[in-house]
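Just below is one structure, and these are the notes that go with it.
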Amino acid sequence: MSILLLIFWILGITSFTLIGAWYAKKFNKADLLIALYVTFVLTAQILAAKISEFKLRRKSFFVASGILIFSITFLLTDIVNEKFGRKKHMK
């Protein structure tokens, strides 16, 4: 994995997280976050059949490509649970 690809990946995850958190706070809705979650889960399922090679120094790692996309879903579920979690529905 080149350093440029890693930088783009970090910027992509950060931007999706910030946009989702901003939307949830501004409009008090979870619809965009849920749509992003479903999109990323479906994309991860499709890419799970593709194997990617990551080279770190002299070692190579082979993983399913869906891992990269699926990692974003954890951030989205955390935002939804933080904003619209149990405390919101207990009132």
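The values are calculated or read from the model by the stated rules, or taken from the named source; none is laboratory data. Given the structure is predicted, the values throughout are model-derived calculations rather than measurements. Glycine gets a Cβ as well: all are built from the backbone with ideal geometry, and neighbour counts include every protein chain shown.
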- Residue check, Ala35 against (1) surrounded by 12 or more Cβ atoms within 10 Å (Cβ to Cβ); (2) of a type in the set (Gly, Ala, Ser); (3) not in a helix (DSSP H, G or I), all met but one. Which one? (3)
- Task: Those residues that are in contact with a strand residue (DSSP E or B) (Cβ under 8 Å, 6 or more places away or on another chain) and loosely packed, with under 10 Cβ neighbours inside 10 Å, I need them from region 52-72; list them, please.
- Result: Glu53, Ser60, Phe62
- at pLDDT 85 or above, out of contact with any helix residue (DSSP H, G or I) (no Cβ under 9 Å at 6 or more places or on another chain) and closer than 20 Å to Asp78 by Cα - does that describe any residue in region 2-10? no
- Query: Here are Lys83, Lys91: which of them is in contact with a helix residue (DSSP H, G or I) (Cβ under 6 Å, 6 or more places away or on another chain) and at pLDDT below 80?
  - Reply: Lys83
- Query: Is one or more of the residues making up region 17-31 of a type in the set (Gly, Ala, Ser), more than 26 Å from Lys83 (Cβ to Cβ) and part of a loop (DSSP other than H, G, I, E, B)?
  - Reply: no
- Message: With in a helix (DSSP H, G or I), at pLDDT 80 or above and within 17 Å of Leu6 (Cα to Cα) as the only criterion, which of Phe74, Phe70, Phe40, Phe62 stands out?
- Response: Phe70
